[in-house]
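Trainee: I have a structure here, written as structure tokens, and I will follow up with some questions on it.
Every number in this text was worked out from the coordinates using simple rules, so none of it is lab data. Because the structure is a prediction, the values reported are computed rather than measured. Cβ coordinates were reconstructed from backbone atoms using ideal geometry, including for glycine residues, and neighbour counts include every protein chain displayed.
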Amino acid sequence: MERIISRIGGLIISPKETMKILIHEKRGLAEALAIFLLFSVLNWVALVLALRHLFNYIIGAFIMSLRFLTLWLSTLFIAMGIIFDLIFWALLSVGIHLTAKAVDGGGSFEDTISVIGYSQVSRALCIIPLILSPFMPITSMILYIGLGVITIAWFIYLASIGLSEVHGISFEKALITVILPPLVILGLLIGIPLLWGLLSFWRWFP
């Protein structure tokens, strides 16, 4: 546990040097998985508690009357959030790895998925404001959403450093491998329903 905390601190304070050390030590997937799960659990637990404080602030008496139901829903929400994170981690890693290979990357898939796991340290930034939720429920949620943009940028930076190292490619190419797969997925999620809607619309015309 002490080593995990040391890794997290290193990735926050000196990300470039720490990422290089992690890669060359070849700790394997287990350590990256531990860090990934730690921040996934912290994020979803903190978010659920912050939402409960927010709802309690807005409609307190009603929430208190449904305490058992909200506890059950909170547990379910946290579990689903962690499962979603794991699936997204795997799918994102596959997309990034294929893109890295397309630009002559030389690392293994285990290297890629480990780098993406370590890069989850970036979530610390948006988790911190949720600590304020018992005192400032609305402000903490606004900060959580606002800092989410910086969290994404930090994740891209960390992942690009790691991928550049494990695949032996330039930082610019690594940056493309991180950004391109999510953009393609987002384009498909938006484009396919939009195209389906347009086709359905044109069917009404002879």
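Trainee: Show me 131-137, 161-167 ranked by packing, highest mean number of other Cβ atoms within 10 Å first.
Mentor: Descending packing order for the listed peptides: 161-167, 131-137.
Trainee: Taking the dipole about the Cα centre of region 2-202, with the C-beta of Lys and Arg at +1 and of Asp and Glu at -1, give me whichever of ILE4, ALA159, LEU71 is farthest to the positive side.
Mentor: LEU71
Trainee: Based solely on its DSSP helices, what 222 nm [θ] is calculated for the chain when runs of n ≥ 4 H residues each add -39,500 (n - 2.57) and the sum is averaged over all residues, nearest 500 deg cm²/dmol?
Mentor: Helix contribution divided over all residues of the chain: -29000 deg cm²/dmol.
Trainee: Of the listed values (i) 1.21; (ii) 1.08; (iii) 0.95, identify the label whose number matches Cα Rg over 2.2 N^0.38 Å calculated from this model.
Mentor: (i)
Trainee: If we sort 94-106, 4-16, 181-193 on the protection proxy, mean other Cβ atoms within 10 Å, highest first, what's the order?
Mentor: 94-106, 4-16, 181-193
Trainee: Work out which helices of the chain, taken as complete DSSP H runs, extend at least 27 Å along their axis over the Cα atoms and score a mean Kyte-Doolittle of -1.0 or more, then list them.
Mentor: Span-like helices in the chain: 29-65, 67-102, 137-167, 171-202.
Trainee: Related question: Grab the beta carbon distance between GLU110 and PHE77, set R0 = 25 Å, and tell me the FRET efficiency rounded to 0.05.
Mentor: Once the sixth-power term is evaluated, E becomes 0.20.
Trainee: Another question, then. Could you give the distance between the Cα centres of region 1-32 and region 128-169, to the whole Å?
Mentor: 18 Å
Trainee: Could you name the aspartates and glutamates whose alpha carbon sits less than 20 Å from that of LYS173, not counting residues in the same chain fewer than 8 places away?
Mentor: Reachable aspartates and glutamates: GLU17, ASP104, GLU110, ASP111, GLU165.
Trainee: Taking the Cα centre of the chain as origin, sum charge times position over the Cβ atoms of Lys and Arg (+1) and Asp and Glu (-1), and report the length of that vector in debye to the nearest 20.
Mentor: Dipole about the Cα centre, nearest 20: 380 debye.
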